[in-house]
There are 4 protein chains.
Amino acid sequence: MIIVMEMGATESQVNHVVSLLREMGLREHIIVGTERTVVAALGDDRAKDKDKLENAPGVEKVMPVLAPYKMASREVKKERTVVALGGSLGGSVGGKKVALIAGPCSVEDRSQLLEIAHAVKEAGATGLRGGAFKPRTSPYAFQGLGEKGLQILAQAREKTGLAVVTEVMSIEQVPLVCQYADVLQVGARNMQNYNLLWAVGEQKKPVLLKRGLSATLEEFLLAAEYIMSRGNSNVMLCERGIRTFEKYCRNTLPLAIVPEVHRISHLPIVVDPSQGTGHAHLVPDMCKAAVACGADGLIVEVHNDPEHALTDGAQSVTPQSLKATMASLKRIAAAIDRDI
Amino acid sequence: MIIVMEMGATESQVNHVVSLLREMGLREHIIVGTERTVVAALGDDRAKDKDKLENAPGVEKVMPVLAPYKMASREVKKERTVVALGGSLGGSVGGKKVALIAGPCSVEDRSQLLEIAHAVKEAGATGLRGGAFKPRTSPYAFQGLGEKGLQILAQAREKTGLAVVTEVMSIEQVPLVCQYADVLQVGARNMQNYNLLWAVGEQKKPVLLKRGLSATLEEFLLAAEYIMSRGNSNVMLCERGIRTFEKYCRNTLPLAIVPEVHRISHLPIVVDPSQGTGHAHLVPDMCKAAVACGADGLIVEVHNDPEHALTDGAQSVTPQSLKATMASLKRIAAAIDRDI
Amino acid sequence: MIIVMEMGATESQVNHVVSLLREMGLREHIIVGTERTVVAALGDDRAKDKDKLENAPGVEKVMPVLAPYKMASREVKKERTVVALGGSLGGSVGGKKVALIAGPCSVEDRSQLLEIAHAVKEAGATGLRGGAFKPRTSPYAFQGLGEKGLQILAQAREKTGLAVVTEVMSIEQVPLVCQYADVLQVGARNMQNYNLLWAVGEQKKPVLLKRGLSATLEEFLLAAEYIMSRGNSNVMLCERGIRTFEKYCRNTLPLAIVPEVHRISHLPIVVDPSQGTGHAHLVPDMCKAAVACGADGLIVEVHNDPEHALTDGAQSVTPQSLKATMASLKRIAAAIDRDI
Amino acid sequence: MIIVMEMGATESQVNHVVSLLREMGLREHIIVGTERTVVAALGDDRAKDKDKLENAPGVEKVMPVLAPYKMASREVKKERTVVALGGSLGGSVGGKKVALIAGPCSVEDRSQLLEIAHAVKEAGATGLRGGAFKPRTSPYAFQGLGEKGLQILAQAREKTGLAVVTEVMSIEQVPLVCQYADVLQVGARNMQNYNLLWAVGEQKKPVLLKRGLSATLEEFLLAAEYIMSRGNSNVMLCERGIRTFEKYCRNTLPLAIVPEVHRISHLPIVVDPSQGTGHAHLVPDMCKAAVACGADGLIVEVHNDPEHALTDGAQSVTPQSLKATMASLKRIAAAIDRDI
């Protein structure tokens, strides 16, 4: 880290900062500039509360130099991580082929799910999404079918070979969801539910980690690091839109995160244009943009009857719309030497 | 809700919307305007997924009319809720007296906590804050002392009479934390951890619910509604800053939420100027502003040696600074006919 | 507009609202719902200060129904506007061919500009960007060459046939810039400089209007409406990134605006991935995403020696990088049945 | 500035950075850390485009050390600037007495303005606000009375002695507005209209500079620096709310900026709780908060008949409400050893 002293900071103030650094097990390097003195701290300070130094007399600000994550960083592992999804179709995320994970927001009943599952498989999906446990903003809204929903998902996998991707909301649900799912999803609202991150890090199934609504990229990678630090490195990052002042969309989808994740991390990144916009009419074009800029996968909400969906009808596309979009996506993927 | 049709929407499109509304158990009222037709839906639609209507042909947008929360609303309960904090000092939040809850970010050891506890009691606090389970952005950072920290907090209550306010991060921790704490805190990162909200709603201790970093006021009140809907109505809301583009502070503290909460809800609102700014030098003035605009309580991070604090040193004030601030706060509280 | 009354609003409060509506030249339609009364106002209220009604006793909130812009709306003009850029290459924005406008952030000298102009023409550009008047955050930074820069731009047009796109910062500059430029650019910081909007609306050259850093889409279209209302309908919208909490990029590029503009407006939309990200390494992939989701044009900062650029070196790509990107863009454009 | 090299950056990459620094007239200081090398640049780099260095091979990021403003900084001038408002009442901003500037959003007619002027003077104001040139989001909205409005403002000054504070929207208006006004206001939408900033910097009347909707504090102070660099140092900063995701208010009022401005600048800071919240019912409490945290002045929209105001009725308080609020404000000001 770099500690910038105030203009006119005294020698004893600089010395005090130095002694605080040494107490932290770091070494110092002092640079006397034209207008102010700067102290560079040498050593690994990732686990320290550096910010407290800004309270020391004469300190103006503290600037970190090292990224706080390690296992998620490309500096540590150069080759890209490829995560096998499970299911019998052999899909994976992070390789040359862009993965499609599609399905309803929530599992509503057996016939709905099977119908949608067959449709998304035909469209080219290798993963089936569908919520059995649903985090809902209102306590009065439909909360999902629970284990019954998981059983229906498993039946759909048997019929179609699609890998089951479904959310786990709390530690107690982990063993149950593991029985049925191929991929555990951690939702945006739980991205900093650290006990849950540890719990999914301590089991073997791959994890799809959604970015929190206002998480920085650094916080996002640190959440992945929580999972990886417990032994599970099969983590897929998922951008699902951030909260901004914009009003024409429920969330703002910041696609520049795709090339940035590829630059600084080895983990694959999946884009969710359904949550990422909140409106079905924006989903196809955002699918195209995501593939064009290098996303490793798409996760899309699909419903055979969006007007009667129990949840997220506004952002669910129909199987017909998905099929038409996939035709374009194949051509776009080819244009950047990938396929889908 | 109000459904606004597109310009030129056909009669059969309007009829289709009407039939969807009736399926939802609602009645319709059609208004043919100069430029477009609008359909008002009559009946309680709080538990419906209204937004899916925007996918129906000819619909431009759907606008909600009713607030989605009920128990947290002032429409349902006019008189302000006053929450007793516990401890032997008889503090409460929501009455004429503004409550002060103060203490270190985390419990570090017995002597540290006792020293701070005595100091904040002298300054006028009735509640002692201190984390035993700490949600940390990095998995490599100090995670709290756990049960040992809870025991130290309980000892400090014995010595000082201060009510113990401490965070619970997951369902499994609830019974343990209940053994030692007077008030369970749900942190900002867990504001939409719905299973945890239910769990704290099913026990009796009061709950201090922190606003999520990018939660709207409506989502904040719905989180309170989750707790209340399980039987616990002793909920204190806590504003701790939101995430914006601003850089001189770690979070932006939006104090207008204080009078707005008083207008639309009966729940008390506490302000956290430490998390709310991230810098000790901004804390005293934000304490003053919060009291002046009607906050029912303050929760302040205090450390006897901020330069050596294990967590959040940058935003912790010293006991001396707290004492000086309290002298001003007493005069400000008096200026608006309250006390502290 | 819809006026939602408070629960328990009295008849005389409703009558008062009705009389205020009638004073505004509107008619009313009262709907008595299960929980509250709602008053729909009939008539064109675009020019009224509707919000003042929220101050009337018994009113809870006021919700607009009509979009406040007209000339920029697709409801008024169904076919897409195609704007001819000028120059001798015959480029235009808004048709099947995606336009490329490229060049340095600022004009630095004649040889620099000519070299870059030739390079971007070879890469496929039909427009040359380059600032002669530069809005700079700091008064101490390079402010552009002024008229000298305009002359150099005009020379480059002569040599290459590229249309000149350059910024005008104030009303006094309009006649001068019109002498040299083919397209007047209004920068993000001036999107709500209404006098300037009027001035560019009163001349004949096409206008490239950049979205303000925190402008809503509605405000953006109203800014276009300012220009159009003075007689100039050759307006190109330009998305150049918005300000959010994100830190890995200087601005967040919200590409969903592209399909949304196409849905609600007939104006073409250009994307600026240089300003939109702030980092050269993110530009190529964001160019690809923009084309894939339907952008009508790209405006890209290109410099032959970014390390020595006087302005915006961090976000300028080299001619070589642009050329390589164009190869992909051609294939992506073909994939969505367009070309570039 | 500090240049952080990538892990594994080569010696020749470091040397290249050094040569770029020297070309910029700076000197280097190289620090070889445990994980990466860091280059500190010595010398005044305020006027350089530093960011371009991030494009050099092997560079990871560039971190500024020096604040880019000088004249607005407290490092350059320790004592607080006190700005005399003009008018015959002798008001000023920045001293012990908190200034009240109040009046209608726009000047509508003579009798309206005089009535309000007398009322706000009685309440304790020394400045009269009122727009003659109004920046409006929609071109169809009331744009102000122009010079006629200025004349009415001057008449009100004659009758009451209040200093006239009114907005100037473009360079051409500067001489005209100077004829009538005591203080020139630069609105939020024009905070980065640099030509206008220079124009108001070249005349003698004090300037009230409103913060842009999404301007950082650094950009805000640089806008002040634009004015000051042309010779006018009578600048008052004005916080009027920022744009965030919040919905219960039109803007989010971030009051921590008040103590932060006092820490880093010598310029006085005024708070506008009317624009800062957008709702009359939030204004009184935000006035109290602003005074409590040290604001040097308040600027408040007051209308004698808000339901019929031509502009901003929703956020205008009545003279009665202002009077009641002032009674509390006097007590709060006394509590922090100031008066109002």
Members of region B:242-281 that are at the interface with chain D (Cβ under 7 Å from one of its Cβ atoms) and among the charged types (D, E, K, R): B:E246, B:K247, B:E260, B:R263
Test result for B:S316, within 13 Å of chain A (Cβ to nearest Cβ), of a type outside the set (K, R) and surrounded by fewer than 24 Cβ atoms within 10 Å (Cβ to Cβ): no
Only one of D:A314, D:A290, D:A295 that is assigned to a helix (DSSP H, G or I), closer than 30 Å to D:S233 by Cα and in the same structural domain as D:L221 (by TED's automatic domain parsing): D:A290
Count of region A:19-49 residues which are part of a helix (DSSP H, G or I), more than 9 Å from every other protein chain (Cβ to nearest Cβ) and buried (at least 18 other Cβ atoms within 10 Å of the Cβ): 1
Residues being on the phi > 0 side of the Ramachandran plot and of a type in the set (A, V, I, L, M, F, W, C) - total across region C:129-154: 0
Residue, farthest from the other protein chains (Cβ to nearest Cβ), within region C:293-306, restricted to residues that are over 30 Å from C:K70 (Cβ atoms) and either among the acidic types (D, E) or touching a Cys at 6+ places or on another chain (Cβ under 8 Å) (or both): C:V300
Total residues in region C:1-18, condition over 37 Å from the mean Cα position of the chain (by Cα) and part of a loop (DSSP other than H, G, I, E, B): 5
D:S274, sole failed condition from (1) surrounded by fewer than 24 Cβ atoms within 10 Å (Cβ to Cβ); (2) of a type in the set (S, T, N, Q); (3) outside any helix (DSSP H, G or I): (1)
Evaluation of A:L310 against (1) buried (at least 19 other Cβ atoms within 10 Å of the Cβ); (2) more than 9 Å from chain B (Cβ to nearest Cβ); (3) of a type in the set (A, V, I, L, M) (one fails), failing number: (2)
Residue ranges of strands (runs of 3 or more DSSP E) in region B:154-271 with at least 1 members farther than 27 Å from D:G241 by Cβ: B:163-167, B:183-186, B:207-210, B:235-239
Qualifying residue in region C:282-298 (condition: under 30 Å from C:Y140 (Cβ atoms) and either surrounded by fewer than 24 Cβ atoms within 10 Å (Cβ to Cβ) or out of contact with any helix residue (DSSP H, G or I) (no Cβ under 8 Å at 6 or more places or on another chain) (or both)): no
In region A:173-198, residue nearest to the other protein chains (Cβ to nearest Cβ) [restricted to those that are more than 16 Å from B:N190 (Cα to Cα) and out of contact with any strand residue (DSSP E or B) (no Cβ under 8 Å at 6 or more places or on another chain)]: A:Q173
Of all residues making up region D:77-101, the number that are polar (S, T, N, Q) and closer than 17 Å to D:P259 by Cα: 1
Residues satisfying the stated conditions in region D:308-340, i.e. out of contact with any Asp or Glu (no Cβ under 9 Å at 6 or more places or on another chain) and among the acidic types (D, E): D:D337, D:D339
Residue in region D:52-75 that is within 30 Å of D:D339 (Cα to Cα), assigned to a strand (DSSP E or B) and touching a residue at least 40 places away in the same chain (Cβ under 8 Å) present: yes
Criterion violated by C:R129 - all others in (1) touching a Leu at 6+ places or on another chain (Cβ under 8 Å); (2) more than 12 Å from chain D (Cβ to nearest Cβ); (3) touching a residue at least 40 places away in the same chain (Cβ under 8 Å) satisfied: (1)
Boolean, B:G144 is assigned to a helix (DSSP H, G or I), within 22 Å of B:V200 (Cα to Cα) and free of Cβ contacts under 8 Å to residues at least 60 places away in the same chain: no
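The values are calculated or read from the model by the stated rules, or taken from the named source; none is laboratory data. These figures come from a predicted structure and were not determined experimentally. Quick reminder, even Gly has a Cβ in these numbers, built from the backbone with ideal geometry, and neighbours come from all protein chains shown.
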